[in-house]
1. If a/c stays under 1.5 just call it rounded; otherwise compare a/b with b/c (prolate if a/b is bigger, oblate if not). Do that for the chain, with a ≥ b ≥ c from the square roots of the Cα gyration tensor eigenvalues.
2. Let's test the formula: R0 of 30 Å, r as the Cβ-Cβ distance of residue 177 and residue 73. What FRET efficiency results, to the nearest 0.05?
3. Specify which residue in the list 94, 35, 123 is farthest towards the positive end of the charge dipole of the chain, using unit charges on the beta carbon of Lys, Arg (+1) and Asp, Glu (-1), about the Cα centre.
4. If neighbour count is taken as other Cβ atoms inside 10 Å, put 40, 148 in order from fewest to most.
5. Roughly speaking, what is the stretch gain from residue 153 to residue 50, that is 0.36 nm per residue apart minus the C-alpha to C-alpha distance, in nm to one decimal?
6. Quick check: from the Cα gyration tensor, does segment 1-58 come out rounded (a/c under 1.5), prolate or oblate?
7. Report, in deg cm²/dmol and to the nearest 500, the calculated mean residue ellipticity at 222 nm for the chain, where each DSSP H run with n ≥ 4 adds -39500 (n - 2.57) and the sum is divided by the residue count.
8. Taking the Cα centre of segment 4-185 as origin, work out the dipole magnitude from +1 charges on Lys and Arg Cβ and -1 charges on Asp and Glu Cβ, in debye rounded to 20.
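A short reminder: the numbers here are calculations on the coordinates, not readings from a lab. Everything numeric here is computed off the predicted structure, so don't read it as measured data. Every residue, glycine as well, gets a Cβ built from its backbone with ideal geometry; the counts of neighbours run over all protein chains shown.
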Amino acid sequence: MKNFFIISGSSGSGKTTLLELLSRDLNIEISVSYTTRKKRQYEIDGVHYNFISKEKFENMINENSFLEHENVHGDLYGTALSSLTEYINDSKLLFFELDVNGAVSLMNYYPDNVISIFLSPPNLNELRKRLVLRSTETDKEINKRLSRFEEEDKLKKEFDYILINDNFETTFEKIKKIVNRHKKED
C-alpha cells in the first residue's frame, strides 16, 4: 500500500508551509524528523522536529535507530525507524518532509509504500528571494543552501512527481489531487 507521501526539494521550495496545510486539510500526520540544527523562533520541539544534540544524534546512529540520516548544510537530520512500523502495520497515511537524499533513501527502503513528490521553485533567483524573505538564515547560510540547488535538482528524476511551485494555491491543489488519487487506489 502506498501510504507514505514524501515532499522533497530545495530549501525555500515551500515544502513546510504546503505540508502543514495539506496535513490539516487531508487529516494526515507529518513524520517528525530528528535534527541537530538550531530551532527557529516559530518552531516547536516535537512538532516541527525533534531537536537534539549532535552527541545524542550520533548515539542514535550508532544504535541503528535511523531509517535514513543526512548531513544537510552542516546539520544532521534523520528519520527514526521506530516511528514507521506502526504506520506500515496499520496501513496509516503519513507525510514526510525530507531532503532529496533522505527521500531517495526512504524510497529505496520502502518502495511499495512511497509516493514521492519533488517540489522546486521556478528558478534560482526566486529561490534566493524566498530564502531572504523568510529571514531565518544568514547570507552565508543562504549561499550554502543555494549552492546545493543544482545537486538537488539532478535527483528530481528519481521522484514520482515533479512540481514547480510558482503558484502556492495551484501547487497545493496538485499535491492534494496526487494524494487523493493514491488514497483511492489502495
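1. It comes out oblate by the Cα gyration axes.
2. 0.40
3. 123
4. Listed from fewest to most nearby Cβ atoms, that is 40, 148.
5. Going from the current span to full extension adds 34.4 nm.
6. Prolate, because a/c is 1.5 or more and a/b exceeds b/c.
7. Mean residue ellipticity, 222 nm, calculated: -13500 deg cm²/dmol.
8. 500 debye
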